[in-house]
Amino acid sequence: MLTRIKNRLGGFRLSMRMKLILSLSAIAVVLLLSSIISILEYRSMRNYVSALIADDINSIHVSQRLTDVVDQYNLSILTVIGDDSVSNLPDFDQARFLASCDSLKATMTEKKLVPLADSVLYSYSAYMLTSLELEKVILSDFIDSRTWYFERLQPVFGRLREDIDDLSTAIYNDLEKNSATFERGFYRSIIPGTVAVAVGILLVLLLLFFILIYYVNPLRKMLDGLDNYRSYNRRYNYSFDGDDELSELNAGITELTEENRQVRRRLLDLKNRQEEP
């Protein structure tokens, strides 16, 4: 059974060219696959983290607008209280404020940010309910508007600003975390390429070792054998294991040198016979 298998395998012979092509193709495939993996990993990480960073930046802008809106509204209330000549009550765009809060909650990927957004809504509701008392305070003769502002409205406003600031700080922290994730993802995406380069270098060294052992060294020994044959008329008897063109070349050289030795021997015999009396 083993003999039959060896005979079948013996019919399949790889040439020197095919061996070199297969070796270099293996290196090229490893480098190509690793490059594709690195590119796909980097693109996937970039798209995912870039979307998170874009959402964080948009949330920061929205929270800043919320701060500007409530500051402007609170300043308008203070202007009405401080200036008795102002009769028009300040107006607040509640629909825009609530829409901004809803957009914040919709773009938040971190669950810990949602309660902070809810806290802003609760504080906003308390602030708006308190600010709606402004008309009654102004029309009342026995309520000091300044006392109402600083003792009743301002604490609620301070809580709203504090909640908005906490939300903004949390968004900044999430942005910083996502930026760090993007940096780590970049280094993680180049790991396959780095590994492939290391594997490619190793394969190149193995290929170099293979060429030196199986091709360069036999060629040198064949040349040494030919040099000894031509210079010292020694028998060319170098042999090595192999089944490619180099082995055929060595067998051909051995056959030619043996034929040449036989021709020389016959010529020498003829010469000696002619010299005999």
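The values are calculated or read from the model by the stated rules, or taken from the named source; none is laboratory data. Note that the structure is predicted; figures quoted are calculated from it, not measured. Cβ: placed from backbone, ideal geometry, glycine included. Neighbour counts: every protein chain shown.
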Residue in the stretch 209-217 that is free of Cβ contacts under 8 Å to residues at least 40 places away in the same chain, over 30 Å from residue 118 (Cα atoms) and surrounded by 16 or more Cβ atoms within 10 Å (Cβ to Cβ) present: yes
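What tally of residues in the stretch 116-158 results from selecting those that are under 20 Å from residue 93 (Cα atoms) and assigned to a helix (DSSP H, G or I)? Let's see the steps before the verdict.
In the first step, residues of the stretch 116-158 are kept if they are under 20 Å from residue 93 (Cα atoms); the result is 117-135, 153-154, 156-158.
When the remaining residues are screened for being assigned to a helix (DSSP H, G or I), the result is 117-131, 134-135, 153-154, 156-158.
Residues in the stretch 116-158 being under 20 Å from residue 93 (Cα atoms) and assigned to a helix (DSSP H, G or I): 22 in total.
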Does the stretch 243-252 contain any residue that is over 30 Å from residue 265 (Cβ atoms) and outside any helix (DSSP H, G or I)? yes
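Would you point out which residue out of 85, 50, 44, 103 is at pLDDT below 70, surrounded by fewer than 18 Cβ atoms within 10 Å (Cβ to Cβ) and not β-branched (Val, Ile, Thr)? Let's see the steps before the verdict.
Numbers: 50 fails: at pLDDT below 70; 44 fails: at pLDDT below 70; 103 fails: at pLDDT below 70.
Of 85, 50, 44, 103, the one residue that is at pLDDT below 70, surrounded by fewer than 18 Cβ atoms within 10 Å (Cβ to Cβ) and not β-branched (Val, Ile, Thr) is 85.
I need the full set of residues from the stretch 135-170 which are aliphatic (A, V, I, L, M) and modelled with pLDDT under 80, in order please.
137, 138, 139, 143
Condition test on residue 184, is it out of contact with any strand residue (DSSP E or B) (no Cβ under 9 Å at 6 or more places or on another chain) and modelled with pLDDT under 80?
Working: out of contact with any strand residue (DSSP E or B) (no Cβ under 9 Å at 6 or more places or on another chain): yes; modelled with pLDDT under 80: yes.
Yes; evaluated as a whole, the condition is true for this residue.
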